[in-house]
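Q: Questions regarding the structure given below will be posed in turn.
The values are calculated or read from the model by the stated rules, or taken from the named source; none is laboratory data. Please read these numbers as outputs of a predicted model, since none were measured by experiment. With ideal geometry, Cβ positions are generated from the backbone for all residues, glycine too; neighbour counts draw on all protein chains shown. SASA here: full protein model, heavy atoms, side chains in, ligands and nucleic acids out. Shrake-Rupley method; radii C 1.70, N 1.55, O 1.52, S 1.80 Å.
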Amino acid sequence: MNRTILPKVKREYFFYLLVLTGFFLLLEISFFVQCNQAYLYDAPEILNSLDIPGTIIWYIGLFLLIQLSLHLVYCILVWVSAIAIIEILNIAKKYELMILVSVWVLGIMVVLLGNQFIYPNSYYAQLITSLLPQFIAQILLVILLIVLSIAGLLTVIFWVTKLKSFWIITSVLIANVVIWHLLQQNKTVIDNGTASKPNIILIGIDSLRPDFLRFFGGQGNTTFLDHFLTKAIIFNEAVTPLARTFPSWVSILTGLYPLHSGVRSNLASIQTLTPQENLGFILQKQGYETIFATDETRFSNIDQHLGFHQIISPPIGLNDFLLGSFNDFPFSNLLVNTWIGRYLFPFSYANRAVFVTYQPDTFLKMIANKLSLSRSKPLFFATHFCLPHFPYLWDDFTGKNVSIAGRYEASIERFDQQLAGFFRLLKIYGLLDHALVLVFSDHGEALELKGDRITEQDFFVGSVKPPRFYPPSLDQEQVNQSAGHGTDVLGLPQYHALLAVRGYGLKKKFTPRQINGVVSLLDIKSTILDLLNLSPAFKTNDGISLLPFIMGANKQIPPRHIFLESDFTPEAMNTLFPQINKILLEGVGLFKVDRQTLRLSVKNDMALLIVRSKQYADIYDHWMLALYPQANGTYFPILIDLKTGFWTCKFDTPFAQTSPYRAMLSALRSFYRREIGLITA
């Protein structure tokens, strides 16, 4: 910098700022280690088990370099602000250093208080809250922002007068960028959906159990979704074949049970899938543009291999776990949801897994960038929203200490607002002129509420003591409680899914109503193909078309055998308060890392372990038969009447003898074949 611009402030003062900022960075690192010591303590064992490739060091190094650069930029901003203040106010030399330090402290306080205000779930926010009551912190932030604004104004005035030509060029460039952005926002989007070949919109909602919607008697404020349901055809008894996101979505897209697709757990390999039979590839051949969007990819790696031209999501792979999880630093937090943050912190931007900084509207911005482009084809757009997933937190949620059910309900309410924003995008870009829209949850959620397992103590039939189905959680759950999803086939709130269909501008008329009878998410693929008159050409389906029930007056689905299975469930997950590091330690042996893509997947030799841990169930009419694996390789049966709630584990009771348990057991053995061993009824 030219010496004439610095008549008073010595350039070596910048060195003092580096020292101060370096000390602050050391404090950040120390606090980070303190907050994450449980993870860091187990990290060597986890990393060694996964056989991490050396390329991960490059990404970690880049992440650290960006963090250092942000602190360096802060030093520069403080320096130039101090110069401006000293020059304009004609500060005496003996006070120069005091001004320099004061501006630095002011900026740090604004960063910390701003982080606390915007991201109350940040570790640093909790630190500030422990030192200052929230209302005092907010008043202080307002005062400091006023002071900072004045300092900023003085800085701009000083440097504009010193560097006139630079600011003229910069202003012209900024004006051009703003004009270009406005033109992009206001341009008309051409959509090519028609009444006979409509846009297909799949809207998946993670972990949503229908009974928490006000439409079905819940207490939450779910205005938008409730309104949608009043105009939709609803299948009241829809279930997912496996209550985990990745297997559930693969079943939706393939129409196959997990047994037939080979995707029987999260992060399972998709190499066994036949691409031509996936819904995305079928629609591609019919002239559709196919896009999949999701705001979380840690355990569900849906990509182009499942028939999508484009993927809208955070980056997939190990870096999501490492760099996404450990990016809670004040400077980066304030940037992560900006357009700059999208490029500097791609593993945190619009990433639901990074709940500390996840802003639901940021994900909508990612979607809008794609939907705003004109299309020459009808669109198959599948999206998966993960806001209602554990831990039921997001950027500005302040009720962390409320009950787990209260947090879950609050996350659904916030998702309802996010969904309203998504539908506004669909309408703005013409996608609802001609469209088939399906709204569903990939699975439900058990919250250890009474009734979350359908086995009530008082309804047990038999002389033996009712069994405990899997290890107790931290709450010592009772026989009628379960937790999580994919952990317990008799925890029907885990498997019960929302499924609603609505048509916009179609030739076929969709009359809003509710339809009873058990259906599966497997049926979605066949239903869409039937609507497009494509079903005869694609027979590789385990599901059925629901179109005849959608179009007809019949409100009852005839009974058929519908199979459920559980996923591999480490004991650490059988609780409402799972500790991620413990889950990783228990399950890390299942996974491997691709050394080229850094993606996690289940090891081939672990598939047998997963299968041996599985529970199985068959739902037929109003009966359900579940089989639980035992340590000796046998299976313990539970038979339940879904109408009355009575249940037993003995086939020789009069209650069991009047049931179709023989046909259900035969169906389970025929379907799963050698996987099901001796039954110890």
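Q: Note down the magnitude of the dipole of the chain about its Cα centre, charges +1 on Lys and Arg C-beta and -1 on Asp and Glu C-beta and zero elsewhere, to the nearest 20 debye.
A: Result for the chain is approximately 1660 debye, rounded to the nearest 20.
Q: Follow-up question, since we're still on this one. Select from I60, P388, Y635 the residue farthest towards the positive end of the dipole of the chain; place +1 on Cβ of Lys and Arg, -1 on Cβ of Asp and Glu, and compute about the Cα centre.
A: Among I60, P388, Y635, the one farthest towards the positive end of the dipole of the chain is I60.
Q: Let me test this: with uniform point scatterers at the alpha carbons of the stretch 221-267, what is the Debye-based log₁₀ I(q)/I(0) at q = 0.16, 0.17 1/Å?
A: Calculated log10 I(q)/I(0) at the listed q: -0.58, -0.62.
Q: Quick one: angle between helix 164-186 and the longest Cα principal axis of the chain, in degrees between 0 and 90, rounded to 10, please.
A: 20
Q: Quick one: what are the phi-derived ³J(HN,Hα) couplings along the stretch 212-228, Karplus 6.51/-1.76/1.60 with θ = phi - 60°, whole Hz, x for glycine and proline?
A: 8, 8, 4, 4, 9, x, x, 9, x, 8, 10, 4, 5, 5, 4, 5, 4
Q: List the residues of the stretch 644-681 whose backbone N lies under 13 Å from a point placed 7 Å from the Cα of T634 along the Cα-to-Cβ direction.
A: What the label zone holds, given the 13 Å backbone N cut-off, is 650-651, 677-681.
Q: Output the antiparallel fraction of DSSP beta bridges having both residues in the chain, as a percent to the nearest 5.
A: 50
Q: For the stretch 232-313, rounded, prolate or oblate, judged on the Cα gyration tensor with a ≥ b ≥ c (square roots of eigenvalues), a/c < 1.5 rounded, else prolate if a/b > b/c?
A: Taking the square roots of the gyration eigenvalues as a ≥ b ≥ c, the stretch 232-313 is rounded.
Q: Here is a follow-up. For V239, tell me the accessible area in Å² from a 1.4 Å probe, rounded to the nearest 10.
A: 10
Q: Could you tell me the calculated FRET efficiency between L72 and I136, based on Cβ-Cβ distance and R0 = 30 angstrom, to the nearest 0.05?
A: With R0 = 30 Å, the Cβ-Cβ based efficiency is 0.40.
Q: Looking at this model, which pairs from K231/K508; K231/K525; K450/K525 are more than 25 angstrom apart at the alpha-carbon?
A: K450/K525
Q: Tell me, what ³J(HN,Hα) does each residue in the stretch 348-354 have, in order and in whole Hz, if you take phi through Karplus 6.51 cos²θ - 1.76 cosθ + 1.60 with θ = phi - 60° and put x for Gly and Pro?
A: After applying 6.51 cos²θ - 1.76 cosθ + 1.60, I find 10, 5, 6, 9, 4, 5, 8 Hz.
Q: Provide the gained length on full extension for the span Y95 to R674, in nm with one decimal, where the gain is 0.36 nm per separating residue minus the Cα-Cα distance.
A: Taking Y95 through R674 to full extension adds about 200.1 nm, to one decimal.
Q: Give K614/K650; K614/K643; K370/K427 a once-over and call out the pairs whose C-alpha atoms are over 18 Å from each other.
A: K614/K650; K614/K643
Q: Could you point to the residue in V147, C649, A446 farthest towards the positive end of the chain's charge dipole, with +1 and -1 charges on the Cβ of Lys/Arg and Asp/Glu respectively?
A: So the residue we want is V147.
Q: Nearest 10 degrees, 0 to 90: what angle lies between the long axis of helix 404-428 and the longest principal axis of the chain (Cα atoms)?
A: Taking Cα atoms only, the helix is inclined about 80 degrees.
Q: Between rounded, prolate and oblate, where does the stretch 379-455 land on the alpha carbon gyration tensor, with a ≥ b ≥ c its root eigenvalues, rounded for a/c under 1.5, else prolate if a/b exceeds b/c?
A: Judged from the Cα gyration tensor, the stretch 379-455 comes out oblate (a/c at least 1.5, b/c at or above a/b).
Q: Something else: Can you pull a Stokes-Einstein diffusion coefficient for the chain at 4 °C (1.567 mPa s), Rh from Kirkwood over Cα pairs, as a whole number of µm²/s?
A: 47
Q: Mind giving me the nanometre distance, one decimal, between the label points for Q271 and I143, set 7 Å out from Cα along Cα→Cβ?
A: Distance between label points: 6.4 nm.
Q: Assuming R0 = 60 Å, can you tell me the calculated FRET efficiency for the pair K285 and V160, based on Cβ-Cβ distance, to the nearest 0.05?
A: 0.50
Q: As I understand it, the value is the acute angle between the Cα axis of helix 360-371 and the longest principal axis of the Cα atoms of the chain; what does it come to in degrees, rounded to 10?
A: Long axis of 360-371 versus the principal axis of the chain: about 80 degrees.
Q: Given A483, P275, S261, which one lies farthest toward the positive end of the charge dipole of the chain, if we put +1 on the Cβ of every Lys and Arg and -1 on the Cβ of every Asp and Glu?
A: The residue sitting farthest along the positive end of the dipole is P275.
Q: Right, something else. For the peptides 117-124, 639-646, what is the packing order when you average, over each peptide's residues, the other Cβ atoms within 10 Å and list the highest mean first?
A: Ranking the peptides 117-124, 639-646 by packing returns 117-124, 639-646.
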